[in-house]
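The values are calculated or read from the model by the stated rules, or taken from the named source; none is laboratory data. Computed from a prediction, not measured in an experiment: that's the story for all the values here. Neighbour counts are summed over all protein chains in view; Cβ atoms, including those assigned to glycine, are modelled from backbone coordinates with ideal geometry. For accessibility, only protein heavy atoms count, side chains too; no ligands or nucleic acids. Shrake-Rupley method; radii C 1.70, N 1.55, O 1.52, S 1.80 Å.
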Amino acid sequence: MDKETQIRLLLNRAYYYLKFRLRAEAEMRLYLHKKAEKFSIPLPIIDEVIASLKEEKLINDDVFAMAFINDRMRNKPKSHYILKRELQQKGVPDEIIEQQLQQVDLPDEDLARQALQTAWPRFARLDKEIRYKRVLGYLGRRGFNYGTIKNLIEEFEGKQYNRDVTNY
């Protein structure tokens, strides 16, 4: 197999991998490394493919990090600490993570409130002690600290009490 064919093969695999969602450079490099081993393609070809993808603006860690953060905040709110950890696992450099997290001006308390608003109906009918433990676990797994969780539970308990009193 000649060099052009090898590059074309890896590029096609990369396009397929990008079809589902944006990827960090490290994710793409790992994926292409596996494909190169499978097809016995020399590893320096991967650098050429990555350069080509960057040139086509299909791989950009800044864009990936911002899209990932926005997606998480919209669909599955998590603390800044957890977002940072998830991006590190995807291979995004720390400088880029910090830069993108600074652009997002939403404190952890607002993210926790957003997460709890969608989940509160599941917890509202439970006994107060059980509800407290479940909410603590739910928000704790999303990386929010105890103080924030406690304040939100008190806030939501107050809203529920006020709603129950007005229903009589």
### Query
Any residue in the range 127-134 that is in contact (Cβ under 8 Å) with a residue 24 or more places away in the chain, touching a Lys or Arg at 6+ places or on another chain (Cβ under 7 Å) and among the basic types (Lys, Arg)?
no
### Summary
Only one of (1) within 26 Å of the chain's Cα centre (by Cα); (2) of a type in the set (D, E, K, R); (3) surrounded by 13 or more Cβ atoms within 10 Å (Cβ to Cβ) does not apply to Arg21, and that is (3)
### Task
Output the qualifying pairs, or none if there are none: Cβ atoms under 9 angstrom, residues six or more apart or on different chains, first residue in the range 1-29 and closer than 13 Å to Asp47 by Cα, second residue open to solvent by 90 Å² or more (accessible area, probe 1.4 Å).
Glu25/Lys54
### Message
Looking only at the range 75-98, how many residues end up being surrounded by fewer than 20 Cβ atoms within 10 Å (Cβ to Cβ), farther than 13 Å from Arg142 by Cα and touching a helix residue (DSSP H, G or I) at 6+ places or on another chain (Cβ under 9 Å)?
### Response
7
### Message
Considering only residues that are of a type outside the set (Phe, Trp, Tyr) and within 15 Å of Ile149 (Cβ to Cβ), which ones fall in the range 113-127?
### Response
Arg113, Gln114, Ala115, Leu116, Gln117, Ala119
## Note on the structure
When the range 124-151 is checked residue by residue, the ones that are part of a loop (DSSP other than H, G, I, E, B), of a type in the set (A, V, I, L, M, F, W, C) and at pLDDT below 95 are Leu126
### Every residue from the range 60-74 that is of a type in the set (D, E, K, R), within 18 Å of Arg23 (Cβ to Cβ) and open to solvent by 30 Å² or more (accessible area, probe 1.4 Å)
Asp62, Asp71, Arg72
### Query
Which condition number in (1) at positive phi; (2) among the polar types (S, T, N, Q); (3) surrounded by 13 or more Cβ atoms within 10 Å (Cβ to Cβ) is the one that Ser40 fails?
(3)
